[in-house]
Structure formats: structure tokens, C-alpha cells
Amino acid sequence: MTNLLRKKREQEKEEVERGKKSRQKKLRAAKVALLTVTILVGVVVVVSAFNSANQRHRILGTPPNRYQTGLLVNNETKTFVFDGEWNFNFTPGSAVQVKLLLTGGVGVQVTFGTISAFNTDPFGSPQGPFVMSGSLKPSTPTMSWSGTVPAGGAYRLELVNLGDESNVASVQAYVNAS
């Protein structure tokens, strides 16, 4: 009878050992799966940030291919649901005057600068710096800037509606370069 008990105990020990090894294998497999998922998520985040850093802000209109001087925008009104823009090509050292008036809508975000200032960083924000930036609102409906553009070339005056599509924005602009 002692042989039978000994064999039974050995079988129980073997079962316990097999169960322990099986749990260790499952735990090891779960760790490998978690590590793999973590690595994949990390790669996706890095690749996404890299791609975002290399993306350029979408240009709706292209700047003119020759330098511009004189009265470029003479009290022209832009009415838009989402955004509107004017593109310019200034000679180096141009003296520029920009005057804006909000004529409709809840508000407009204004940015004026070189095309390269509109390139985005890894978080999708424009890199800047901008020559002029701010908001037009019914409480402050005008904005103006005059000065010498630091570098010649392509510039953009971009307007973004601060409301939704039911609040169409309108802005009257005057731009002169000499």
C-alpha cells in the first residue's frame, strides 16, 4: 500500500508541476504579447509624429509667381464658412500695410506671415513666427499692421472662422505694398 500511496503522491506532484509550467508558459506568452503591442504602439506614435512634422499646411491658393507692389487688395470682402485667404509675393524689404474689418460672423482668427510659417510642428500647430496674428470679434472688429516684411517672397493672410458653418464670416481687407 505504501507503493500505491507513493505513486499517487508522485502523480499529484507531477500534475502540480505541469500546471505550474503551464501557468508560467501562459504568463510568458502574455508578457511577450504585451511587449509586442507596446512596441507597435510606440512605432505608430513615432511614425505619426514624424509624418505630421513633414506635412505642410494645405495651401488653398498659390502665391503669385512674380513680385507684387502697389494696392493689392482694395477693400475687398471675403465671405466664408470655414476659412479664406489671400496670397502675396512681396519684394524683399517691402513696406506693407494691412487693414482688416470684421463685417459679419461671430469672429475670425487672423494670421499673416510667410508661407513657411504655416508649416506644422509634430503636434499639428503652425510653426510661425507670424508677422501679424490675432482675432477679429464683434467687440474688436478691426485689426491693422504696417511695417517692412523681413524677407521677400510668398506670404499668406489667412482667415479662419471662429464660429460654425451656420455663422458665415465676412472680412473686408485692404493690403498695400511699396
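The values are calculated or read from the model by the stated rules, or taken from the named source; none is laboratory data. Fair warning: this is a prediction, and the values are worked out from it, not measured in the lab. Neighbour counts are summed over all protein chains in view; Cβ atoms, including those assigned to glycine, are modelled from backbone coordinates with ideal geometry. Calculation scope for accessible area: heavy atoms of the full protein, side chains included, ligands and nucleic acids excluded. Shrake-Rupley method; radii C 1.70, N 1.55, O 1.52, S 1.80 Å.
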Where does each of 153-161, 33-41, 97-105 land if you order them by average Cβ count within 10 Å, highest first?
-> 153-161, 97-105, 33-41
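In the stretch 86-178, carbon and sulfur make up what percent of the accessible area (probe 1.4 Å)? It would help to have the intermediate numbers written out before the result.
Numbers: 2090 of 3950 Å².
The nonpolar share, carbon plus sulfur, comes to 53 percent.
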How big, in percent, is the set of alpha carbon pairs in the chain lying more than 21 Å apart?
-> 64
Accessible surface, per residue, of the chain when the full set of protein chains is kept, probe 1.4 Å, Å² | 65
Evaluate 2.2 N^0.38 Å with N set to the residue count of the stretch 112-166, then give the Cα radius of gyration divided by it.
-> 1.30
Would you compute, from DSSP H runs of 4+ residues alone, the mean residue ellipticity of the chain at 222 nm, taking -39500 (n - 2.57) per run and dividing by the full residue count, rounded to the nearest 500?
-> -11000 deg cm²/dmol
Longest to shortest principal axis, alpha-carbon extents of the stretch 138-178, angstrom | 38, 21, 13
Give me the distance between the Cα centres of the stretch 74-113 and the stretch 131-178, rounded to whole Å.
-> 4
Residues residue 76 and residue 178, FRET efficiency given R0 of 22 Å [Cβ-Cβ distance, rounded to 0.05] | 0.75
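I need the calculated FRET efficiency for the pair residue 66 and residue 135, taking r as the beta carbon distance and R₀ as 41 Å, to the nearest 0.05.
Efficiency, from the Cβ-Cβ distance: 0.80.
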Degrees separating the helix 2-54 axis from the principal Cα axis of the chain, which is the longest one | 10
Mind checking which lysines have their C-alpha under 16 Å from residue 21, skipping anything on the same chain fewer than 8 residues away?
-> 13, 31
